[in-house]
Amino acid sequence: MAGHSKWANIKHRKGAADAKRGKVFTRLIKEIIVAARLGGGDIDGNPRLRTAVAAAKAENMPKENIERAIKKGSGELEGVSYEEITYEGYGPGGVAVMVECMTDNRVRTVADVRFMFSKAGGNLGESNCVSWMFDRKGQILVDREVISEDELMEAAIEAGAEDVVTEEGTYQVLTDPDDFAAVSEALQSKGIAFVEAAIAMVPKNTVEVGDEQTARQLMKLLDNLEDNDDVQHVHANFDIPDAVMEALS
């Protein structure tokens with residue numbers, strides 16, 4: 001996935017992943033709460049909750065945090081009621097962008113997202129204007145320094161993964177969304193640490209952004225969206241040449 005995985009590599013090299021650990025936990029907790037509210041607190045009987053918990057464990061979230069979030073979602077503890085909504089649009093360079101949100105104030109969230117698109121020279125579009133360009137997949141990023149490609153390939157395929165893609169700095173393990181929890185748990189049981197693990201929208205095709213200024217505007221938009229408290233995930237179909245990516249990092 002030329003867009004998200006390269007973007008994650010930049011953040012990983014800059015140490016931004018650790019700096020944003022608190023935001024990552026907040027987003028994972030929201031997902032667990034909503035999954036438990038919609039499908040109940042039984043992990044075995046709620047596939048979405050099972051996937052959310054697997055993603056939380058992949059980020060080393062403490063067990064008590066996970067259990068508290070499940071109880072809030074199932075009504076055992078009082079909590080905030082979140083609404084799910086996905087915004088779609090085009091960023092600099094004509095890049096398709098999907099923004100998955102969970103919010104307690106839809107009016108605030110859409111205003112914030114629209115402003116960020118506009119400020120970057122992009123535009124917010126109608127529902128389903130770009131979603132057809134993506135496939136939903138489980139995505140696990142593994143640092144290339146922690147394991148060899150052959151070892152990871154064997155472990156991932158044995159666990160039920162669809163593919164392992166080698167990229168600069170990381171391996172990208174792709175799974176069917178329904179198999180994400182099982183694959184991530186199997187890899188973790190073998191002591192394989194993750195850079196990132198989540199259900200992602202993988203682009204079917206990509207848009208090359210070879211101009212450094214456009215690429216910088218695009219990355220600024222994506223970072224601003226990710227920093228918003230109401231935003232859960234951001235997906236985009238960009239492909240930036242390695243030389244330009246190095247300049248940005």
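The values are calculated or read from the model by the stated rules, or taken from the named source; none is laboratory data. Because the structure is predicted, anything quoted here is derived from the model rather than measured. Here the Cβ is made from the backbone with ideal geometry for all residues, glycine too, and neighbour counts use every protein chain on show. Surface areas here come from the heavy atoms of the whole protein model, side chains and all, with no ligands, DNA or RNA. Shrake-Rupley method; radii C 1.70, N 1.55, O 1.52, S 1.80 Å.
Annotation for the range 42-148: GluC sites (Glu not before Pro) lying in DSSP loop with at most 10 further Cβ atoms inside 10 Å of their Cβ are 78, 126, 145. Only one residue of 187, 73, 157 has its Cα farthest out toward the positive end of the dipole of the chain, where Lys and Arg carry +1 and Asp and Glu -1 on Cβ, and that residue is 73.
Calculated mean residue ellipticity, 222 nm, the chain: -14500 deg cm²/dmol, from DSSP H runs (n ≥ 4) at -39500 (n - 2.57) each, averaged per residue and rounded to 500.
Site pair residue 108 and residue 148 shows an inter-label distance of 5.2 nm when each label is modelled 7 Å from Cα along Cα→Cβ.
Applying 1/(1 + (r/R0)^6) with r as the Cβ-Cβ distance of residue 212 and residue 128 and R0 = 30 angstrom yields a FRET efficiency of 0.40.
For the range 77-166, the relative contact order is 25 percent, taking Cα pairs closer than 8 Å that sit 6 or more residues apart in sequence and dividing their mean separation by the residue count.
Express the carbon and sulfur contribution to the solvent-accessible surface of the chain as a percent, rounded to the nearest whole number, probe 1.4 angstrom. Roughly 46 percent, rounded to a whole number.
For the range 161-249, which trypsin sites (Lys or Arg not before Pro) are both in a DSSP coil and crowded by at most 16 other Cβ atoms within 10 Å? Within the range 161-249, the qualifying trypsin sites (Lys or Arg not before Pro) (loop, at most 16 other Cβ atoms within 10 Å) are 190, 204. In the context of the full set of protein chains, residues of the chain present 47 Å² of accessible surface per residue (probe radius 1.4 Å, heavy atoms only). In order along the range 93-105, the phi-based Karplus estimate (6.51 cos²θ - 1.76 cosθ + 1.60, θ = phi - 60°) of 3J(HN,Hα) comes to x, x, 6, 6, 10, 10, 10, 8, 10, 10, 9, 9, 8 Hz; Gly and Pro are listed as x.
Approximating the spin labels as points 7 Å out from Cα along Cα→Cβ, the residue 165-to-residue 220 distance works out to 2.8 nm. Placing unit charges on the Cβ atoms only, positive for Lys and Arg and negative for Asp and Glu, gives the chain a dipole magnitude near 960 debye about its Cα centre.
Relative contact order for the chain: 25 percent, from Cα pairs under 8 Å spaced at least 6 residues apart, divided by residue count. Once the chain from residue 44 to residue 86 is taken as fully extended at 0.36 nm per residue, the excess over their C-alpha distance is 12.4 nm. Over every Cα atom in the chain, the radius of gyration and the widest Cα-Cα span, Dmax, amount to 17.7, 52 Å. Hydrodynamic radius of the range 30-172 by the Kirkwood approach over all distinct alpha-carbon pairs: 17.9 Å. For residue 125, nonlocal amide neighbours, meaning residues 5 or more places apart or on other chains whose placed amide H falls under 5 Å from its own, are 88, 89, 90.
For the range 203-245, a simple Cβ point-charge model (Lys and Arg +1, Asp and Glu -1, everything else neutral) yields a dipole of about 140 debye relative to the Cα centre.
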